[in-house]
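What follows is calculated from the coordinates using simple rules that are stated; it is not laboratory data. None of the values given here were measured: they were computed from a predicted structure. With ideal geometry, Cβ positions are generated from the backbone for all residues, glycine too; neighbour counts draw on all protein chains shown.
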Amino acid sequence: MEKVVVYTKYNCPKCESAKMQLKLRDIEFEMKNIEDEPKYMEEALATGLRSMPIIIVGDSEPFQYNLSKFTEVFGEL
């Protein structure tokens, strides 16, 4: 599996759901909290997306979490 990066923030239910779905699939990921590091906020904004979580797999197009897109990328449980 290519490197997975999840841009997240505090008190974000969709962020928690995305992280849980990755863990359930035993997929390793790097979490970047935009509230902890200003550079992570800049990286997230550079994707053109505006709500968290933002998920990037390798060099593919970043996407915002929704279960249907997530399942398309990572497969069913």
Open item on the list: Please go through the stretch 1-24 and give me each residue that is in a strand (DSSP E or B) and either free of Cβ contacts under 8 Å to residues at least 40 places away in the same chain or under 16 Å from residue 72 (Cβ atoms) (or both), ordered by number.
Closed with: 4
- [ ] Give me a count of the residues in the stretch 1-49 that are of a type in the set (Gly, Ala, Ser), within 15 Å of residue 62 (Cβ to Cβ) and surrounded by fewer than 16 Cβ atoms within 10 Å (Cβ to Cβ).
- [x] 2
Open item on the list: So, in the stretch 44-77, exactly how many residues are among the charged types (D, E, K, R) and in contact with a strand residue (DSSP E or B) (Cβ under 7 Å, 6 or more places away or on another chain)?
Closed with: 1
- [ ] Considering only the stretch 30-56, state which residues are hydrophobic (A, V, I, L, M, F, W, C) and either within 16 Å of residue 71 (Cβ to Cβ) or part of a helix (DSSP H, G or I) (or both).
- [x] 41, 44, 45, 46, 55
